[in-house]
Structures are given as C-alpha cells and as structure tokens.
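Working notes, beginning with the structure itself.
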C-alpha cells in the first residue's frame, strides 16, 4: 500500500479483509474521504455490511464516502450505514456506473456533489 502524504492508495489486488483491517487501524486518523470501487455485490452481504459500517465509523462528520458500482444491489446497505446517500448514474460509461456519495454529517443535509460528474 502506497502512502502519498494524506492520500493512501490501496491497490485492487488487496483483499477486502486487508482493506477492512486497514480501515480499523486508521480510525484514529479520521480520514476525510474514502473512495472505493470494491465490488460490494461480490462480497457476502455480512461482509459488505461490516465494511460499510467500518467506513461509516471511520469517517468524521464532514467526511464523504464515494463508491462506484455497476449495480444498485447494495444501495440498501449503504443507506443503512450512512445518514445521507445520493446516487448518481454515470451513463457515459458502458455498462453504466452508479456512484454513491454518502456522509454522516449533522442533520440530513444532502451530500454536495462536484459541479461536473
């Protein structure tokens, strides 16, 4: 795993168990953003839920979790782990990709998206 200052890059070859363990060790650092393309639908539901809960607990109130998925299978799990979730389809991609923007900020304010998605 490479660490570029405040950015940590976890290669796709790392198993989800190692990602989960890595997130648990970073809980004291309060990561501001977590960007993932892990295929949540390929994990068991229990594993996906555990991963999402760990991510939710790792982020500070103003942190954002960004997840790219080809299917909306885990949307219910993402919504149960985070206070606010926005789903944005990226139709330019084939097959289309759905991007979840999730946050635990105070109240139920919508997650702000970048101007260009």
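Bear in mind these aren't lab numbers, they're just calculated from the coordinates by the rules spelled out. The structure displayed is predicted, hence computed values, not measured ones. All Cβ positions, even for glycine, are placed from backbone atoms using ideal geometry, and neighbour counts span all protein chains on display.
Please report the antiparallel percentage of the DSSP beta bridges confined to the range 31-108, to the nearest 5.
Values: 13 of 17 bridges.
Among the beta bridges of the range 31-108, antiparallel pairing accounts for roughly 75 percent.
Report the label-to-label distance for residue 57 and residue 94 in nanometres (one decimal), using points 7 Å from each Cα along the Cα→Cβ vector.
So the label points at residue 57 and residue 94 sit 4.4 nm apart.
Given a cut-off of under 8 Å on Cα pairs at least six residues apart, what relative contact order in percent is computed for the range 31-108? Mind dumping the intermediate values first?
Details: 137 pairs, mean separation 26.6, N = 78.
About 34 percent, as a whole number.
Consider all pairwise Cα distances in the range 31-108 and report the whole-number % of them above 17 Å. Working shown, then result.
Working: 1193 of 3003 pairs.
Of the Cα pairs, 40 percent sit more than 17 Å apart.
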